[in-house]
Amino acid sequence: MYAWLRADGDRAVVYVGATGMHPANRAWLHLHDPNPDIGRVAARYPESRSEPLDVIAVRLPTDVQRQEVKQAVVDQLAGRQLLSGGYVGDPPNAQANTRASAAHAARLVSRIVAHLASVKPE
């Protein structure tokens, strides 16, 4: 699981993803693959080519349904008002959450909150 955050401005999340790949490989594909289904961040958030962004990631167990956890992350971030005005990922949908997905999502959300607390605004 990973989230892309604006490093400047509102310092909020612009995209949440779930992959079995290493996050660095997936980040590269998000920015460089010409297929908009693979190069999603560049296709949906053109500012990604020039705007500084941070990527925060956590590893999930292999038996976890990543898409369910991804939805729970989006819902928790929306509830904390941490989605950017320029957010380009899946929309919040709190009804889709299970207790297990919410617990796994809380790990990534906690890392995002800690990251935001550690970065001093300019």
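Within the stretch 13-41, the set of residues being more than 20 Å from V69 (Cβ to Cβ) and not in a helix (DSSP H, G or I) comprises D33, P34, N35, P36, D37, I38, G39. Please work out which residue is farthest from E68 (Cα to Cα), limiting yourself to the stretch 96-117 and to residues that are assigned to a helix (DSSP H, G or I) and either touching a Ser or Thr at 6+ places or on another chain (Cβ under 7 Å) or of a type in the set (S, T, Y) (or both). Here the residue is S110.
Of the residues that make up the stretch 83-95, is at least one assigned to a helix (DSSP H, G or I) and either within 13 Å of V16 (Cβ to Cβ) or without any contact (Cβ under 8 Å) to a residue 40 or more places away in the chain (or both)? Yes, that holds for at least one residue.
The condition of being over 13 Å from M1 (Cα atoms), at pLDDT below 95 and either of a type in the set (A, V, I, L, M, F, W, C) or in contact with a strand residue (DSSP E or B) (Cβ under 9 Å, 6 or more places away or on another chain) (or both) holds for A114.
Residue-wise test of (1) more than 14 Å from the chain's Cα centre (by Cα); (2) under 14 Å from M1 (Cβ atoms).
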residue: R49; (1), (2): yes, no
residue: E68; (1), (2): no, yes
residue: S84; (1), (2): no, no
residue: D90; (1), (2): no, yes
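Taken as a whole, the structure leaves A72 outside the set of residues that are over 17 Å from Y2 (Cα atoms), at pLDDT below 95 and in a helix (DSSP H, G or I).
The values are calculated or read from the model by the stated rules, or taken from the named source; none is laboratory data. Everything quoted here is computed from the prediction, not taken from an experiment. Methodologically, a virtual Cβ is constructed for each residue, glycine included, from the backbone with ideal geometry; neighbour enumeration extends over all protein chains shown.
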